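Asker: Pasting a structure here, questions to come.
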């Protein structure tokens, strides 16, 4: 079992995923800071509110923090846009792989040979 785990961890996909998760967490912290410290105050200038996270409404004893939800939406949109730009850039840089032709079945090869023979016979007549 330990050997299987070692083989699993040693595969490139797992290591790539781990790196992606770590970088993603760090990037999320940067975007959260961007939203909280730059974007929300800028939007707050126009709406009269500086901190969205304090926007709440209460129904009975329940408190709904819709401002924190707005912050999360802004964070998501920024992250999604940056990921879109990254993927678009990588797609431009990376060479496109040509699809390999699907192997022809034996029946298709025989049919191709029969068609060629028929063409030769028709051409010679």
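Asker: Pull out the extension gain between residue 122 and residue 26, defined as 0.36 nm times the separation in residues minus the alpha carbon to alpha carbon distance; nm, one decimal.
Answerer: Working: separation 96, 0.36 × 96 = 34.56 nm, distance 7.08 nm.
Computed gain between residue 122 and residue 26 is 27.5 nm.
Asker: Give the value in nm², to one decimal: projected area of the alpha carbon convex hull of the chain, averaged over all directions. Mind dumping the intermediate values first?
Answerer: Working: hull surface 80.1 nm².
About 20.0 nm², averaged over all directions.
Asker: Gaussian network model of the chain, Cα springs within a sub-10 Å range: biggest mean-square fluctuation belongs to which of 102, 68, 29?
Answerer: Checking each option, the largest mean-square fluctuation is seen for 102.
Asker: Any chance you could give the angle, 0 to 90 degrees and rounded to 10, that helix 106-124 forms with the longest Cα principal axis of the chain?
Answerer: 50
Asker: Still on this structure, I have one more. I want to verify a result. In a Gaussian network model of the chain, Cα cutoff 10 Å, which of these has the top mean-square fluctuation: 17, 34, 55?
Answerer: So, out of 17, 34, 55, the one fluctuating most is 17.
Asker: For residue 36 and residue 66, FRET efficiency with R0 = 22 Å and r from the beta-carbon atoms, rounded to 0.05?
Answerer: Details: r = 16 Å, r/R0 = 0.73.
Efficiency at R0 = 22 Å is approximately 0.85.
Asker: Once both axes come from the Cα atoms, what is the angle between helix 66-93 and the longest principal axis of the chain, in degrees from 0 to 90, rounded to 10?
Answerer: Roughly 30 degrees, rounded to the nearest 10.
Asker: Find how many whole Å separate the alpha carbon centroid of the stretch 86-103 from the alpha carbon centroid of the stretch 1-56.
Answerer: So the separation of the two Cα centres works out to 28 Å.
Asker: Can you tell which of 59, 82, 114 shows the greatest fluctuation in a Gaussian network model of the chain with Cα springs below 10 Å?
Answerer: Looking only at 59, 82, 114, the biggest GNM fluctuation is shown by 114.
Asker: Based solely on its DSSP helices, what 222 nm [θ] is calculated for the chain when runs of n ≥ 4 H residues each add -39,500 (n - 2.57) and the sum is averaged over all residues, nearest 500 deg cm²/dmol? Don't skip to the answer; put the middle values down first.
Answerer: Values: 5 runs with 87 residues, N = 125.
For the chain, the value works out to -23500 deg cm²/dmol.
Coordinate-derived values only; no laboratory data. Just so it is clear, the model here is predicted, and its values are computed rather than measured. Note: ideal-geometry Cβ built from the backbone for every residue, glycine included; neighbour counts use all protein chains shown.
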